[in-house]
1. Considering only segment A:1-23, how many residues are near DNA strand C (Cβ under 6 Å from one of its atoms) and modelled with pLDDT under 65?
2. Within the bounds of segment A:31-43, is there any residue that is more than 14 Å from A:V109 (Cα to Cα), within 13 Å of DNA strand D (Cβ to nearest atom), open to solvent by 50 Å² or more (accessible area, probe 1.4 Å) and within 14 Å of chain B (Cβ to nearest Cβ)?
3. Sort out for me the helices (runs of 4 or more DSSP H) sitting completely within segment A:144-196 that have 3 or more residues that are more than 10 Å from chain B (Cβ to nearest Cβ).
4. Inside segment B:141-183, can you point out the residues that are without any contact (Cβ under 8 Å) to a residue 60 or more places away in the chain and basic (K, R)?
5. Which of the residues spanning segment B:141-175 are of a type in the set (F, W, Y) and buried (at least 19 other Cβ atoms within 10 Å of the Cβ)?
Protein chains: 2
Amino acid sequence: MWAVTAEHPARRPGGRTARVRAAVHQAVIDLLHEEGWDDLNVALVAERSGVHQTTIYRRWGTLAGLIDDVVTERLTRSSPVPDTGTLRGDLEAYALQVADDVSGPLGPVFVRAAMIGTRDGEETTPRQIYLLERAVQLQAMLDRARDRGENPPTLLELMEIVQAPLYFHAIFFGRPAGTDHTLTLVDRLLALTGKS
Amino acid sequence: MWAVTAEHPARRPGGRTARVRAAVHQAVIDLLHEEGWDDLNVALVAERSGVHQTTIYRRWGTLAGLIDDVVTERLTRSSPVPDTGTLRGDLEAYALQVADDVSGPLGPVFVRAAMIGTRDGEETTPRQIYLLERAVQLQAMLDRARDRGENPPTLLELMEIVQAPLYFHAIFFGRPAGTDHTLTLVDRLLALTGKS
DNA sequence: ACACTAACGCAAAAAGTATTGCTTTAACTT
DNA sequence: AAGTTAAAGCAATACTTTTTGCGTTAGTGT
C-alpha cells in the first residue's frame, strides 16, 4: 500500500528498475503537459510508458504517491540553492528559480501535489525530507550573508514574503508571477530587514 | 455530470430539498472532522446523512462538486467583510477572520478544496463567483479607507502580504498562524504602504 | 557460467465509483 | 383538496480502479 521506493534503500537499483522508473516518470510529465491534471490516471501512465499497471501500483501504491515521487525528483534535481556572493543576488536568483519552478504546465501541479501529498499522521515522505533539507540549505544561504556582515531576513520571512506569494499566484491566478513582480517581492523582503 | 445546484436557480427550493442539502452538508463536515480527507467518499456521506447515494450523485455530480458546495456555503456564511472605521481595524479583523477560517480540522481542507476545485477551462463555479464577490467587497473596504483620507494598500498587496502567508502556514506547517503572528502580518502591510 | 531472487508482466478477480430506468414521496400550483 | 411534477428512493447495471496469484525476465553475487 505504500511506496516501496522509500522502504528499502534500494535492494536492487540496477538497470531495469532504473529504466522503468525513468519511463514512468517521463510518461507522467508528458501526460501532464498534454492532458490536464484531471485526466491523469494509472492506466494512461502505464500505456504511455510501456510499463504494466500492476508494476506501477506495486512500486508507488497510488497515483498520488507516484506524482509525489515525480515532483520530489524534479525539485531535487533542478534546484541548487544559489551562492552569488551577495544577499540580494542570492535572493533574486532563488526567487526567480521558484517562480520558474511553478511556471509552465507543471507549475500548478507541483504546488497542488505539494499540498495534496501532505497526509495526516503518516510516516515521513521523501518530499518532507526534501523540504527539510531545502530549509537547511536556505538557512545556510542566509547564514552566509550574515557572515559577510549583511543583515539577512529570517527563513520564515523569506518564505512568507517571497515564497508564499509566488505559490499563491500560481494557484489562485492560475499563472506564475512575472519576473518584475518576483523581483519586487525580493525588494519588499530586503526593505523590511533593511529598515528595522 | 455537473452540479445541478448551480444550473437551475432553484426550481423547487422547498422543505425536503433544503433538508436533504443540510443533512448532506452536515455529514460531510462531521466526516471531515472524524475521518480524514482521504477516507471521505460518497458512500460514507450517504450512510451518515441518511440520503441515498444516487441523490448525492444526481445533485452534486461528484464528491469534489459536493465538497466545493460545502466549502463555498461555509465561506459565504461566516465572513462579512469588516467595517470598523479605521484601516488598521478592518485589516486586523479581516486577517484574524481568515486565520480563523483556516483553523480547526476543516481549515486545511478549505484551502485544499479551494485549490483542487480550480479546474481548467470549465465553466464558472459557485466558488469562483464567491471569490470574485469577495474581492469586490475587500476592494470596497480599501476604498472606504481611502475616502477617509487614509493610505490603504492595494488588493494585491493585501493578498500577498497577509492572505498568502496565512494560507501558506495552514498548508505547509499543517497548522494556522497564531494571533500574534497574524497581527504581525498586518503591521508589515501597513508599514509597507505607510513608508512609500 | 550458474544459481538466486527482486522486480516485472500478465490475467483474473475484487473492490470501489458512477449511471440508468423506474417507482414513490412531497412541494408547489390552481 | 386534488392534480402536477421536481426531487428523492431503490435496485440493477456499467464502468473504473486496485489487488492478488503465479509465471517470466534479468540484475546481482558466487
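The values are calculated or read from the model by the stated rules, or taken from the named source; none is laboratory data. These numbers come from a predicted model, not from an experiment. Positions of Cβ are backbone-derived with ideal geometry, glycine not excepted, and every protein chain shown enters the neighbour counts. These area figures cover heavy atoms from the full protein model, side chains too; ligands, DNA and RNA do not enter into them. Shrake-Rupley method; radii C 1.70, N 1.55, O 1.52, S 1.80 Å.
1. Residues that pass the stated criteria total 1.
2. Within segment A:31-43 (the criterion being more than 14 Å from A:V109 (Cα to Cα), within 13 Å of DNA strand D (Cβ to nearest atom), open to solvent by 50 Å² or more (accessible area, probe 1.4 Å) and within 14 Å of chain B (Cβ to nearest Cβ)), the answer is no, since none of the residues qualifies.
3. A:179-195
4. B:R146, B:R175
5. B:Y167, B:F168
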